[in-house]
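The numbers here are math on the coordinates, done by the rules we state, and not lab data. The shown structure was predicted, so the numbers you read here are calculated from the model rather than taken from an experiment. Neighbour counts run over all protein chains shown; Cβ positions are idealised from the backbone, glycine included.
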Amino acid sequence: MGSLVQPKDPLAREIELLASGDAAALERAYRACGARIQRLCQGLLGDRAEAEDATQDVFLKLRERAGQFHGAASLSTWLHRIAVNHCLNLIEKRRLRASRPLGAAEARSLVDPLRRPPETAAANEARETLRSRLARLSVEHRAVLVLREIDGLSYDEIAAVLDVPPGTVMSRLARARERWVELAAQESGAQPTAERGR
């Protein structure tokens, strides 16, 4: 029987092994792609701990679905799509939770930011600014911006991950960048360039 995946994909063999029940293949796939998927999850979710959990969930889904991969897209694109969909589901669940009152037990379980490991003030502030600005973008704009600017995917790869035409990727990315500039201007107290000329 012939291979189900494209031989040029460096992880193709790992997915074949994973689909046949080789548990060690999951660890090798994680070592090869885990850091990249975690960066993607953190960019979408804005929280390191939540991104770590999401990354583990993505690789568990990879194990469950390994037999469904047939090489129609590259393995990287397929894995990114799993990660983006999982993060978008988490964002929607977070939105639904935020719309109901917080219970006493939930309030007590919130992490105290003062207990985080010490970091330089500048690095902490820059990370918080990035996280805050990303959170203020629409989910569609956040996804396309993270995939392009943080993960470095091409327009065609982003189109495959999000299952939209490349033209939609370009227009969403242009709007996301415009919104990013607007948010930066609001934070600094300056008006965006377009508004200054009016």
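Listed by Cβ neighbour count within 10 Å, with the fewest neighbours leading, SER188, SER132 appear as SER188, SER132. Placing pseudo-labels 7 Å out from each Cα toward the beta carbon at ILE150 and GLU128 gives an inter-label distance of 1.8 nm.
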